[in-house]
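One structure is given here, and the rest of the page talks about it.
The values are calculated or read from the model by the stated rules, or taken from the named source; none is laboratory data. These figures come from a predicted structure and were not determined experimentally. Here the Cβ is made from the backbone with ideal geometry for all residues, glycine too, and neighbour counts use every protein chain on show. Just the protein is used for accessible areas: all its heavy atoms, side chains included, with ligands, DNA and RNA removed. Shrake-Rupley method; radii C 1.70, N 1.55, O 1.52, S 1.80 Å.
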Amino acid sequence: MSAIWAQGLTKHFDEVRAVDGIDLDIAPGTIFGFLGQNGSGKTTTIRMLTTLLRPTAGSARVDGLDIRDDARAVRRRIGVALQEAGLDDVQTGRELLTLQARLFGMGGSAGRQRVQELLGIVDLEDAADRAIGTYSGGMKRRLDLAAGLVHRPGILFLDEPTTGLDPISREAIWRYVTQLSTDDGITIFLTTQYLEEADRLAHDLAIIDEGRIISRGSPAEMKARIGTDVVTVQVPAADALDRAAEVAGDVSGVERVQIADGSAVVYVPDGARAVARIVLALDDAGIEVGDVAISRPSLDDVFLEATGHHLRVEEPQPAEGGAA
Amino acid sequence: MQSIATVYFLTLRSLREAVRNPAQEAGNVLIPLFFFAVTVGSIGSIAADAFGIDNFTGFQVPVAILAAASSISASAGLGTITDIQRGYFDKLLLTPAPRSAIVFGRIAADGVRTVAITAFIVGVGLIFGTGFDTGVPGLLVLLVGSFGFGMAYSGFNAAIALRTGSPQAAAAGGLLLFPLIFLSTAFAPKDVFADWLEVLATINPITYVLEAQRSLIIEGWNGLDILWGAAATLGFGAASFTLTFLALRWRTS
């Protein structure tokens with residue numbers, strides 16, 4: 001049985017098709033990455049799968065339960081940490097986790113023990129009895145993650161868990177997420193706008209753009225599908241870009257060329273040998289060349305190939321005290 | 001059973017929030033007491049001749065109680081909006097707790113806060129010589145009634161908060177009660193009103209809530225007044241809780 005399954009899942013907000021008929025089939029125990037830029041439909045998808053939003057059309061099952069008909073049972077089996085750490089600044093960390101445990105029916109000593117255990121796991125024992133309002137951004141994310149784990153869910157939804165965090169806090173969250181998957185066998189549905197995060201954590205990945213899944217597979221499979229090296233040639237004169245793409249496309253061995261962010265992105269096997277031919281051809285055509293880079297295909301190249309544009313990462317304003 | 005437990009836990013959480021925000025609670029009680037003092041100070045001395053009311057200070061105590069209830073529910077509306085804006089409301093919705101119980105936790109806390117402030121205002125009234133004609137049993141009835149009215153009025157602000165998510169709308173929600181107070185027998189009995197105002201005061205549920213409370217404080221036991229007050233509170237609650245359920249359904253659909 002799939003941990004998460006969806007068919008034709010759709011959400012419209014008036015005229016806007018936020019999620020436009022996506023299909024999912026996620027195996028138990030895997031980390032599923034859902035990669036896309038802001039506004040692509042990641043959060044709306046997660047809000048439907050976690051029963052916070054009713055789909056406009058389509059169906060979905062989480063741990064075998066229908067998200068419409070068995071919404072409360074779904075909520076018992078999932079843990080969720082949304083993009084904005086949903087916390088109450090007036091409570092202490094311990095009070096928040098204790099309340100969360102009680103709402104999941106875990107009262108008494110079992111609840112207290114679980115809270116203490118989680119505070120240890122996310123390294124918040126020392127801050128447990130301080131008001132959450134005094135926590136840094138990284139501490140809030142860790143507490144939010146702990147709140148999602150109070151009732152030992154089999155499936156965990158994480159909506160951009162590291163957006164806006166500094167590298168040390170990000171690394172800590174990655175460590176917890178990997179641990180949850182490998183040690184506890186939890187299925188993790190993780191949305192992200194960070195290529196590195198998707199590449200590093202996800203066993204299985206889907207790229208979403210404008211509400212539709214445009215590529216699916218493991219990060220390695222996706223990159224292998226490109227099948228070539230990527231030569232990125234920056235062209236300083238914007239009006240010469242189309243001509244540069246045309247000239248580069250005519251170079252022997254070049255499979256295809258895309259234009260993105262002031263550069264011609266050339267897909268060619270054995271890029272190290274081809275780069276000289278490409279630069280010479282551009283020079284012969286009188287096109288000025290800026291920086292040139294050769295790389296193995298990255299998820300950014302996968303994204304570019306599928307969407308025609310690079311993934312744009314939007315960082316929020318750093319939160320006060322954003323350190324771990 | 002799960003609903004009751006949810007309401008209980010979330011009521012405790014809201015009360016803890018209130019205790020940790022004493023400035024807000026002070027505002028909830030001081031502003032009504034200020035108006036109480038000004039009203040009694042300005043027309044208290046002529047009330048006996050003008051309206052036939054000997055104990056005008058006691059006559060005004062229920063007005064201060066209702067104004068405090070209004071202030072409390074406005075601050076609770078803001079609390080709900082803060083939860084929505086911070087994403088904590090979503091976190092509560094993501095638990096298996098019944099969603100209506102999640103909203104009623106804060107509403108019940110407003111009832112408890114109204115009881116506490118009612119007791120305080122009655123205490124202030126006693127210091128100023130209002131007396132309490134029905135004694136301790138009457139005080140208990142008044143506190144129960146205040147609990148009911150606090151919850152009933154809080155429902156309107158919960159509905160506004162859930163439907164709009166706007167702090168400005170929530171703050172304005174607290175003011176909704178003031179026109180109803182002015183169109184009731186808050187400052188004088190109905191028999192001195194102009195005809196049009198008498199009609200409005202007669203159909204205004206706040207009139208019955210005030211008169212039930214007054215009967216307990218300055219008139220002695222009057223079963224009919226208490227029944228009318230209870231009916232008005234129940235009607236108020238039925239209307240406000242219906243709006244709360246509709247707003248909750250809208251927010252979670």
Check your understanding: Rounded to two decimals, what ratio of Rg to Rh does the range B:1-145 give with C-alpha atoms and a Kirkwood Rh?
Key -> 1.09
Review point. To the nearest 20 debye, what is the magnitude of the charge dipole of chain A about its Cα centre, counting +1 on the Cβ of each Lys and Arg and -1 on the Cβ of each Asp and Glu?
Key: 1520
Review point. Between chains B and A, what is the buried accessible area summed over both chains (1.4 Å probe, protein heavy atoms, nearest 100 Å²)?
Key: 2500
Check your understanding: Share of chain A's accessible area from carbon and sulfur, percent, 1.4 Å?
Key -> 47
Check your understanding: Where does each of B:Asp191, A:Asp209 land when they are ordered by accessible area, with a 1.4 Å probe and the largest first?
Key -> B:Asp191, A:Asp209
Review point. Check A:Ala131: other-chain or 5+ apart residues with amide H under 5 Å from its amide H, H built from backbone geometry?
Key: none
Revision key, fill the gap. Computed for the range B:1-106: size of charge dipole around the Cα centre, +1 on C-beta of each Lys and Arg, -1 on C-beta of each Asp and Glu, debye to nearest 20, value 600
Practice item. With all protein chains present, calculate the accessible area of A:Arg17 using a 1.4 Å probe and round the result to the nearest 10 Å². Key: 130
Review point. Once both axes come from the Cα atoms, what is the angle between helix A:108-121 and the longest principal axis of chain A, in degrees from 0 to 90, rounded to 10?
Key: 30
Point to revise | Residue with peak Gaussian network fluctuation, chain B [Cα springs, cutoff 10 Å], from B:Ser45, B:Ser146, B:Ser70 | key: B:Ser45
Revision key, fill the gap. With bins of 5 Å, the percent of all Cα-Cα pairs of the range B:122-197 per bin from 0 is 3, 12, 13, 15, 17, 17, 13, 7, 2
Point to revise | Estimated dipole of the range B:135-240 in Debye, rounded to 20 [Cβ of Lys and Arg +1, of Asp and Glu -1, Cα centre] | key: 380
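Using the heavy atoms of the protein chains and a 1.4 angstrom probe, tell me the accessible area per residue for the protein assembly as shown in square angstrom.
Values: 24330 Å² over 577 residues.
For the protein assembly as shown, the per-residue accessible area is 42 Å².
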Practice item. Give me the distance between the Cα centres of the range B:223-253 and the range A:1-52, rounded to whole Å. Key: 38
**Study point:** Test item: A:84-94 mean partner chain Cβ contacts at 10 Å
**Key:** 5
Check your understanding: Ranked from the most accessible area to the least, with a 1.4 Å probe and all protein chains present, what is the order of B:Arg20, A:Arg216, B:Arg249?
Key -> B:Arg249, B:Arg20, A:Arg216
Check your understanding: What are the extents of the Cα atoms of chain A along their three principal axes, listed from largest to smallest and rounded to whole Å?
Key -> 78, 41, 38
Check your understanding: Given only helices, namely DSSP H runs of n ≥ 4 each adding -39500 (n - 2.57), what is the per-residue ellipticity at 222 nm of the protein assembly as shown, to the nearest 500 deg cm²/dmol?
Key -> -18500 deg cm²/dmol
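Please compute the contact order of the range A:141-208 in relative form: average sequence separation of alpha-carbon pairs under 8 Å and at least six residues apart, divided by the residue count, as a percent.
Value for the range A:141-208: 37 percent.
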Check your understanding: If a helix is a whole DSSP H run, which ones in chain B reach 30 Å or further along their own axis (Cα) and hold a mean Kyte-Doolittle hydropathy of at least 0.0?
Key -> B:22-51, B:56-86, B:99-127, B:135-164, B:223-251
